[in-house]
1. Hey, among 66, 42, 15, 28, which residue is exposed (fewer than 10 other Cβ atoms within 10 Å of the Cβ) and without any contact (Cβ under 8 Å) to a residue 60 or more places away in the chain?
2. Among what's in the range 25-47 and is outside any helix (DSSP H, G or I) and touching a helix residue (DSSP H, G or I) at 6+ places or on another chain (Cβ under 8 Å), pick the residue that is nearest to residue 67 (Cα to Cα).
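What follows is calculated from the coordinates using simple rules that are stated; it is not laboratory data. It should be emphasised that the depicted structure is a prediction, and the values quoted were computed from it without experimental measurement. Virtual Cβ from ideal backbone geometry, glycine too; neighbours counted across all protein chains shown.
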């Protein structure tokens, strides 16, 4: 799987896990979901290049969700 597809999959998994964990308190849950949805849309464009800040944002969001006990399980 190429890096672009991995990032899309990662974002989709995080979005799905947020939706599947309604009992976990997350500040600005709707904003997080909106950002992930927008990221997936941008990343699916053929000419999309992942920016440095977006890569850092994805990693930070992943760490944040794990700290809140939202299970983020990526397919290998």
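1. Going through 66, 42, 15, 28 in turn, just one is exposed (fewer than 10 other Cβ atoms within 10 Å of the Cβ) and without any contact (Cβ under 8 Å) to a residue 60 or more places away in the chain: 28.
2. So, considering only residues that are outside any helix (DSSP H, G or I) and touching a helix residue (DSSP H, G or I) at 6+ places or on another chain (Cβ under 8 Å), the one nearest to residue 67 (Cα to Cα) is 26.
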